[in-house]
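The values are calculated or read from the model by the stated rules, or taken from the named source; none is laboratory data. This is a predicted model, so every value here is computed, not measured. Neighbour counts run over all protein chains shown; Cβ positions are idealised from the backbone, glycine included. Quick note on the areas: whole protein, heavy atoms, side chains included, nothing else; ligands and nucleic acids left out. Shrake-Rupley method; radii C 1.70, N 1.55, O 1.52, S 1.80 Å.
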Amino acid sequence: MIRLFRVFVPASIFALLISEILLVTGAFILASYIILPVDPGDYLLDGGLESILLVVLTILVGLYLHDLYSDIYVKSRIILLQQLCLVMGMAFLMQGLISYLDHTQDRILRMPIRMMVLGSSMAMMAIFVWRNLFSRYVVQVVGRDHLLLVGDSPVLVDIARHIDHHPEKGLVVTGYVGDFPDKGAPLPGGKVLGPVASLREIVEATSPSHIVVGMFERRNCMPVNELLELRFGGNIIEEAASAYERVCGRVCVKELRPSQLIYSGELGPRRQTLLYQSLSNVVVAAIGAIVSAPVMLVVALAVRLSSPGPVLYRQIRVGMNGVSFTLYKFRSMRADAEAESGAVWASKDDPRVTRVGRIIRKLRLDELPQLFNVLKGEMSIVGPRPERPEFVKTLSSRIPYYRQRHCVRPGITGWAQINYKYSENLEDTIEKLEYDLFYIKNMSIGLDTYIIFHTLKIMLLSRGAQ
């Protein structure tokens, strides 16, 4: 796996992205040699290369929006062909928009129509053939990491289960090494290869990429000498908690100890990052409020006309350093939604949501007034979602390290929101906390940009809030 924007990206996806950039760029350059009556070299040097790169960027964005870099396995060739047609349609629409906006005679960014048609056709067929080959053969070789899980920690089972559910990550569980009481019990991802005493022989026989160690009971059972010999023999060995973070994209609360938080050189937001985030928040929120003003006006009218009650929903939430503030949202529920029940967690198909509320929630338009919370300095564009004081009090007493999520400003969107579902119970909240701690540990400009871009994708595809 390759680390980009403080996030671990499977090597197979990175290889697919680079190869498709080369394929699509090559298709349009070849089209210029076939179609253009002038010297293609003169065209490429005189602004043609810029127009090709713009089309390539549009196609890559289209592939990303259709989740073709999330699920790289071809399950249906017909569906893949339909998706590629839509992607190429986006590229043609972008060219049409450029042609409409660019009234100069040079029209540098607009590609000749015949070259666009031929280049798009060749690019689509090249991607179609390459995707099928990549899914069937190449992905089995490129970036396949084989993990040998040593020990009896439940975290190892969590890692194996996550790998089992996400084959696109390019990870394979070689097997388990440990003294399990029930050796016949099925384990996710692999089988028990032998006891800890046979670790060296098992490593020589399987040649794993990584040895992941997680001992549930550490006293008198950690094979320190064997692990030292394997490490100096060139094997990569990592703790279960580190592997969990790398594979799952979240911090493992089960394995988290106070000493790791106190002495960690990575955990916690840096002052420089917080300063940049504060400045960028004001700029992005101001631009967002101006651009979305007409949309907010339409949403306000729809909420007002659809059900009795105020347009804005005001609610007390817990912010940075545990300080409470008033959060603004467009009202998506009935005005008396909590009159009898009191404060309860929202669920995916909440019966209290109005018809208009269901639409604006799906498009995440109910969150737009929070741009003013950002301008007031109470929230950030990206960060952990703020919770209600009633829930914070309960969760802080039941979940270790829950209060540590308040060391940064809460956000309109966040790492947990793009990776997980609604929190409907305590287990969901713990898992969301793991994502929040991962974000706090890896806070950076690149990660914020990635989260914002992914959130826009969710809004455009109407996948709803989490």
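Please work out the FRET efficiency for the pair Cys85 and Asn225, using the Cβ-Cβ distance as r and a Förster radius of 41 Å; give the result to the nearest 0.05. Could you put the intermediate results ahead of the total?
Working: r = 60 Å, r/R0 = 1.46.
Step by step, r from the Cβ atoms, then E = 0.10.
Tally up the carbon and sulfur contribution to the accessible surface of the range 361-435 as a whole percent, 1.4 Å probe, everything protein left in place. Don't jump to the answer; show the numbers that get you there.
Details: 1500 of 2860 Å².
Ligands and nucleic acids excluded, carbon and sulfur reach 52 percent.
Quick one: grab the alpha carbon gyration tensor of the range 275-340, order the square roots of its eigenvalues as a ≥ b ≥ c, and give me rounded if a/c is under 1.5, else prolate or oblate depending on whether a/b is larger than b/c. Show your work: numbers first, answer last.
Numbers: a/c = 5.04, a/b = 1.31, b/c = 3.84.
Since a/c reaches 1.5 but b/c is at least a/b, the shape of the range 275-340 is classed as oblate.
At 0.36 nm per residue, and after removing the present C-alpha to C-alpha distance, how many nm does the segment from Ala11 to Leu23 gain when stretched out fully?
Values: separation 12, 0.36 × 12 = 4.32 nm, distance 1.81 nm.
Value of the extension gain: 2.5 nm.
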**Study point:** Portion, in percent, of the accessible area of the range 13-121 that falls on carbon or sulfur, probe 1.4 Å
**Key:** 70 percent
Point to revise | Spatial separation of Cα centroids for the range 361-405 and the range 48-84, in angstrom | key: 34 Å
Practice item. Pop the C-beta distance of Ile237 and Ser70 into the FRET formula with R0 = 22 Å and round what comes out to the nearest 0.05. Key: 0.15
Review point. Contour minus end-to-end for Ser198 and Ile316, with contour as 0.36 nm per residue of separation and end-to-end as the Cα-Cα distance?
Key: 36.8 nm
Review point. Of the listed peptides 145-157, 88-100, what is their order by residue-averaged count of other C-beta atoms within 10 Å, with the highest listed first?
Key: 145-157, 88-100
**Study point:** Cα shape, the range 1-69, gyration tensor, a/c 1.5 rule
**Key:** prolate
Point to revise | Order of exposure, largest accessible area first, which applies to Ile13, Ile79 with probe 1.4 Å | key: Ile79, Ile13
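With a 1.4 Å probe and every protein chain left in place, work out the accessible area per residue of the range 17-117 in Å², rounded to a whole number. Write out the running numbers ahead of the final one.
Numbers: 5720 Å² over 101 residues.
Result: 57 Å² per residue.
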Check your understanding: Once both labels are modelled 7 Å past Cα along the beta-carbon direction, what's the Ser121-Arg352 spacing in nm?
Key -> 5.8 nm
Revision key, fill the gap. With 0.36 nm assigned to each residue of separation and the Cα-Cα distance removed, Leu133 to Leu426 gains 101.2 nm
**Study point:** Sequence ranges 406-415, 17-26, ranked by mean other-Cβ count within 10 angstrom, highest first
**Key:** 406-415, 17-26
Point to revise | Length-normalised contact order of the chain in % [C-alpha pairs under 8 Å, at least 6 apart] | key: 14 percent
Revision key, fill the gap. Pairs over 30 Å Cα to Cα, from Lys191/Lys254; Lys376/Lys432; Lys254/Lys457; Lys191/Lys457; Lys254/Lys329, come to Lys254/Lys457; Lys191/Lys457; Lys254/Lys329
Check your understanding: Using a Förster distance of 45 Å, how high is the FRET efficiency between Arg334 and Asp46, based on the Cβ-Cβ distance and rounded to 0.05?
Key -> 0.15
Exercise for review: Using a/c under 1.5 as the rounded threshold, could you call the range 195-253 rounded, prolate or oblate? The axes a ≥ b ≥ c are square roots of the C-alpha gyration tensor eigenvalues, and prolate needs a/b larger than b/c, oblate otherwise.
Suggested key: oblate
Revision key, fill the gap. The Rg/Rh figure for the chain, Cα atoms and Kirkwood Rh, to two decimals is 1.01
